[in-house]
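Structure record follows, encoded as structure tokens.
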Amino acid sequence: MKNIFKTIFIIILFFSAKYSFALVVSTQPDSSVTFDSCVSSLSPFCFGYSDYSTQNIIPVASTMDEIKFYGNAPTGSFFVVTFYNITNPGPQIYFAPNNYVAGKTDGTDTMQLYTLQALDFSTPIVFNGTDTWALSIFAYGNNIPCNVQSCYKHSSHLGNSSNQIYYSITGHNGDTPPCTIDCFSNVLFLPGIKGSVLKNGSDTLWPPTIFSNDVSQLALTSNGESLNDIHTEGILGTAYGKDIYSPFSNFMDSLVTDETIEGWLPLAYDWRFSPDTILEDGIKTVNETLNVIEEIETLAEHSKTGKVTIVTHSMGGILGKAIIKKLAEEGKDDLIDSFVMVGTPQLGTPQAIGTILHGDHERILGGFIVDPVDIRAIAQNMPSAYNLLPSPRYFDKVSDPVITFDLDASFTEAWRNFWGPSINTYAKFSSFVTGTGVVRPKPGEMFLQDPEVLRTELMDDAANLHNTYDDYQFPAHIRTVQVAGWGVPTVKAIKYKKSHGFPGYDTNFTIEGDKTVVYPSAISSVADETYFFDLEKYRKNEDNNTQHRDLLNAGPIQNILTSIIEKENVVENNFILTTKPQATNLNDQLIVSTNSPVILGAYDQLGNFTGIDPNQNLSADILNIKEDIPGSTFMYTNESQYIFLPKEGSYNF
């Protein structure tokens, strides 16, 4: 692997002497080869038992550490696993008698993962890399009266309906035994949308340079191909003097320095594309195109455990799901031990509606305003922008509408007649944004108050992606954790109404989000653990600037990650909860708003400022936002600006 995964190769010289690496010695299925399987308990060849399954394998040179396999056996039976060296015959190697694996008893085709360690077998199993071994797995029952022909009981399935056994054997090479103390996995980090630096040659396009055409150069064709030759160059550490992932990177580096883990890989990717495209086409860097699965295999090879913990932020969680699904399809999901999603819009989020229809709420992970005209234009052909829209399942989980129509606005009459006063189903939503229910022309480039007309085929692609991953069931052996930020005003709907006597719109907010993602979307998976980060309390007491952009930089989130990496339980505290905090009413805050082109800002009694920073060139296409008043939030659209402030306090506007 040519790219450096953030300090891992700096320590490789002494690392290789200290630890042996876990290897995938043999795995199935990796081809069309299937196990031999008996089908009749009366067959003499089967020796009186069925689903006797054996396959000849040539394992990699190593000492075996573990075998995992999927199976399903009836009541009163358990699995037998044996190894036999065909090339150099000797005694069959059985698991130790007192360490048998209890069979699954539900009598269905549902399979269960079983694990046997090297110590479970009668003698160590050493492969030389050239000998052929017979691996046999079958179900055995001895709790009923039986003779030689009937002691072996039928195993409903030892794999799939084609009698393929899904198994994986791992081992270690060298003289050093596997890690036994502080055995923690290397970490793969997947950033969120716009969290990777994109370049065209030596020209950095993202983050864009002020007074440039960088954003427009990121455009895709209608066929989804990049207009320019774009490559990635690392995750976004800082932008315009503000931290993005830099504090998180320092935290991860500290885990390497103190030898908690051997290394971590911050995997930048081209966030314009869908996860499946990224996995299929790879990630283009300045020197090569990276295969994501191969990067994970290399990271696991140099891990103390032979496995990887995946940590994701925002849209990186959707890519993470796609990676795990791909690994499972290749029989490699045992390379992953834990998967963490922080602030992931798993079902999409309403804020994305304003972004793609009007160019609203566009920030570089928060903190800056980027020219909405360019943003709306390039989003029309960008699959990732569509993937962030509320999915079909979002509407099953959230009853609040995502779009409403003012009853007194004449321009909404045709919409109200067709869809009713609001849009609260996916069918209505898709029809509205694509302009297929009530036909409307595409708006002019500068007419940001008019909703854009989205592409039907990209909406369909996004729906298909969400239908694949919204209900995705993670492999049972992967510890799955999801974290939602809570307590910051977050967009929940767009309301179309008159503004200054002309067609326009307003934004409805909820407190139940992290300023970008509403909480139901962030915790929608069936996960082992779900946590809420109480940002309302944290911002008042610790760091007022913390929001969706900063989640991984916050101490409470880093404590969660440390616990997961070190295979410990996460401990609740004042900021991290397992139940949703009690919702506060937005009306309990002072909400000040104004319509464009007025620029809104507020000072508290200590001189802290929240709003668009007035000490900058206000004609620039990128504007800096400050939120220095404790407990404050600044939000904006092309129509309006909003400041949320604690009611207790005196302010100058």
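For the condition open to solvent by less than 10 Å² (accessible area, probe 1.4 Å), charged (D, E, K, R) and in contact with a Ser or Thr (Cβ under 6 Å, 6 or more places away or on another chain), Asp360 qualifies.
Taking residues in region 560-584 that are within 21 Å of His313 (Cβ to Cβ), and partners anywhere that are in a loop (DSSP other than H, G, I, E, B) and open to solvent by less than 50 Å² (accessible area, probe 1.4 Å), the pairs with Cβ atoms closer than 6 Å and at least 6 places apart or on different chains are Ile560/Val570; Ser563/Val570; Ile565/Phe184; Glu566/Phe184. Among the residues of region 190-212, those identified as out of contact with any helix residue (DSSP H, G or I) (no Cβ under 8 Å at 6 or more places or on another chain), assigned to a loop (DSSP other than H, G, I, E, B) and of a type outside the set (A, V, I, L, M, F, W, C) are Lys194, Gly201, Ser202, Pro207, Thr209, Ser212. Region 221-327 holds strands (runs of 3 or more DSSP E) entirely within its bounds, and those carrying 1 or more residues that are free of Cβ contacts under 8 Å to residues at least 60 places away in the same chain and within 30 Å of Leu623 (Cβ to Cβ) map to 230-235. From the list Thr507, Thr490, the one residue that fits, being buried (at least 22 other Cβ atoms within 10 Å of the Cβ), modelled with pLDDT under 95, under 21 Å from His466 (Cβ atoms) and touching a strand residue (DSSP E or B) at 6+ places or on another chain (Cβ under 7 Å), is Thr490.
The C-beta contact set for region 636-653 (first residue of a type in the set (Gly, Ala, Ser), second residue open to solvent by 40 Å² or more (accessible area, probe 1.4 Å) and modelled with pLDDT of 85 or more, distance under 6 angstrom, 6+ apart or interchain) comprises Ser650/Gln605.
This table checks each residue for (1) in a loop (DSSP other than H, G, I, E, B); (2) open to solvent by 20 Å² or more (accessible area, probe 1.4 Å); (3) closer than 22 Å to Gly487 by Cα.
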| residue | (1), (2), (3) |
| --- | --- |
| Leu590 | no, yes, yes |
| Ser593 | no, yes, yes |
| Lys626 | no, yes, yes |
| Pro630 | yes, yes, yes |
| Phe634 | no, no, yes |
| Gly649 | yes, yes, yes |
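Is at least one residue of region 520-535 modelled with pLDDT under 90, among the small types (Gly, Ala, Ser) and not in a strand (DSSP E or B)? Looking through region 520-535, none of the residues is modelled with pLDDT under 90, among the small types (Gly, Ala, Ser) and not in a strand (DSSP E or B). Among the helices (runs of 4 or more DSSP H) confined to region 373-456, the ones with at least 2 residues that are of a type outside the set (Phe, Trp, Tyr), within 22 Å of Lys495 (Cβ to Cβ) and open to solvent by 10 Å² or more (accessible area, probe 1.4 Å) are located at 413-419, 426-434.
I'd like to know if region 579-586 contains one or more residues that are of a type outside the set (A, V, I, L, M), at pLDDT below 80 and not in a helix (DSSP H, G or I). Checked against the condition, which is being of a type outside the set (A, V, I, L, M), at pLDDT below 80 and not in a helix (DSSP H, G or I), region 579-586 yields at least one hit. Could you say which residue among Ala239, Ala322, Ala300 is open to solvent by less than 10 Å² (accessible area, probe 1.4 Å) and modelled with pLDDT of 95 or more? Checking each option against the conditions leaves just Ala322. Within region 57-74, residues that are closer than 14 Å to Val24 by Cβ and small (Gly, Ala, Ser) sit with their Cβ atoms under 7 Å from residues that are buried (at least 22 other Cβ atoms within 10 Å of the Cβ) and at pLDDT 85 or above, at 6+ positions apart or across chains, in these pairs: Ala61/Phe127; Ser62/Phe127.
The values are calculated or read from the model by the stated rules, or taken from the named source; none is laboratory data. Computed from a prediction, not measured in an experiment: that's the story for all the values here. When we count neighbours, we look across all protein chains shown, and the Cβ atoms used for this are built from the backbone with ideal geometry, even at glycine. Note: accessible area is taken over every heavy atom of the protein model, side chains too, but ligands, DNA and RNA are not part of it. Shrake-Rupley method; radii C 1.70, N 1.55, O 1.52, S 1.80 Å.
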